[in-house]
Amino acid sequence: MKLIQKHFSLYLMFLPIFLYFCVFSFYPLIRGFIMSLQEFRVIGDRPFIGLENYKTVLADPMFWQTFKNTIIIGGGVLLVGFIAPIIVAVLLNEVLNMVFKRFVQTVIYLPHLFSWVVVGGIWIFMLSPDGGLVNSFLTAIGKERVHFLADLDYVRDIMVLSATWKDMGYNCIIYLAAIVAINPTLYEAARIDGAKRWHEIRYITIPQLIPTMKIVLLLNLMGILRIFDQIFIMRNPATANKVDVLMVYIYEKGILGFQMGVAAAASFIIILITLLLVLITRKVTKYDME
């Protein structure tokens, strides 16, 4: 209480934020958990059925198929989307022309500002078999047209690449900011010892970026099971079995099928798996929140 009295103004400023999360995050979370233990009805009582909704989800083959798709697509996005911004940030840091450097930063950051409705539309247009940029190039060099978004051999890779393309600029700026914060005397000492640019990148830049890498990895890891907008925009019946993810499964069960209890149970399974992944990652990377 003495601490609260001492910093009362700060706690008062924090109160609206706390109330916001209570109303829009913690309360829906508690209500959703209660719903997952009930037989949901719009009108009338909602009888308590224990873990039956969870058993229904775990016994559903479609759940496991979407779980597999989520791991493959989300894992690809996590891996490619983690490595690509580091490479681009390191390369941009070596660019001496500031005008060109800022132009490239702006161009690669722009997709992050657009919604998946816009980004998905761009990719659908580029990959279209009728007049799409990619297929126009293929026909120009004598190759056959490919319906990429309806081809099971390409569709998952396209989901990974499009997601990486959209968010690469944002993560790249984070790494560039971390590179700027590196003590320049480290580079000066390395040059005195005869280090080349590649040695500076390998032994100074990359090691100094490791704390930032851990943070970005954790942030990205928390979202790999919650992929929805991209898949919902770019999926089609021909490839649904290959690209439908857990959030699409929840959408179909809860919104289309109106099985709110089952959808809530699937949501909490995703939360538990995400929490487990984050804890394992923190343990492996020895990431300390402090």
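Of note:
- In this structure, Ile4 does not satisfy being of a type in the set (A, V, I, L, M), more than 30 Å from Ile273 (Cβ to Cβ) and not in a helix (DSSP H, G or I).
- Members of the range 34-89 that are aliphatic (A, V, I, L, M), within 29 Å of the chain's Cα centre (by Cα) and exposed (fewer than 15 other Cβ atoms within 10 Å of the Cβ): Ile34, Leu58, Ala59, Met62, Leu79, Ile83, Ile87
- Looking only at the range 244-290, residues that are more than 28 Å from Met35 (Cα to Cα) and either touching a strand residue (DSSP E or B) at 6+ places or on another chain (Cβ under 9 Å) or touching a residue at least 12 places away in the same chain (Cβ under 8 Å) (or both) come to 4 in all.
- Checking each residue in the range 199-251 for being aliphatic (A, V, I, L, M), farther than 18 Å from Thr274 by Cα and not in a loop (DSSP other than H, G, I, E, B) picks out Ile201, Ile204, Ile206, Leu209, Ile210, Met213, Ile231, Ile233, Met234, Ala240, Val243.
- Scanning the range 152-182 for residues being surrounded by 15 or more Cβ atoms within 10 Å (Cβ to Cβ) and either assigned to a loop (DSSP other than H, G, I, E, B) or among the basic types (Lys, Arg) (or both) gives a total of 4.
- Scanning the range 78-106 for residues that are in contact (Cβ under 8 Å) with a residue 24 or more places away in the chain, over 20 Å from Trp198 (Cβ atoms) and among the hydrophobic types (A, V, I, L, M, F, W, C) turns up Leu78, Val80, Phe82.
- Of all residues in the range 43-57, those satisfying the criterion of being touching a residue at least 12 places away in the same chain (Cβ under 8 Å) and of a type in the set (Val, Ile, Thr) are Ile49, Thr56, Val57.
- Note on the range 184-202: residues that are closer than 17 Å to Val90 by Cβ and either touching a residue at least 12 places away in the same chain (Cβ under 8 Å) or of a type in the set (Ser, Thr, Tyr) (or both) total 6.
- The set of residues in the range 142-151 that are in a helix (DSSP H, G or I) and surrounded by 15 or more Cβ atoms within 10 Å (Cβ to Cβ) comprises Phe148, Leu149.
- Exactly one residue out of Thr139, Thr185, Thr212 is under 25 Å from Gly81 (Cα atoms) and either modelled with pLDDT under 85 or of a type in the set (S, T, N, Q) (or both): that is Thr212.
- Residue within the range 184-197 that is small (Gly, Ala, Ser) and closer than 28 Å to Leu110 by Cβ present: no
- The lone exception for Asn236 - which of (1) modelled with pLDDT under 90; (2) more than 30 Å from Val155 (Cβ to Cβ) it fails: (2)
- Test set (1) over 24 Å from the mean Cα position of the chain (by Cα); (2) under 30 Å from Glu39 (Cβ atoms); (3) among the basic types (Lys, Arg) - Lys196 fails condition number: (2)
The values are calculated or read from the model by the stated rules, or taken from the named source; none is laboratory data. These numbers were taken from a predicted model, which means no experiment stands behind them. Reconstructed Cβ throughout: ideal geometry from the backbone, glycine too, with neighbour counts over all protein chains shown.
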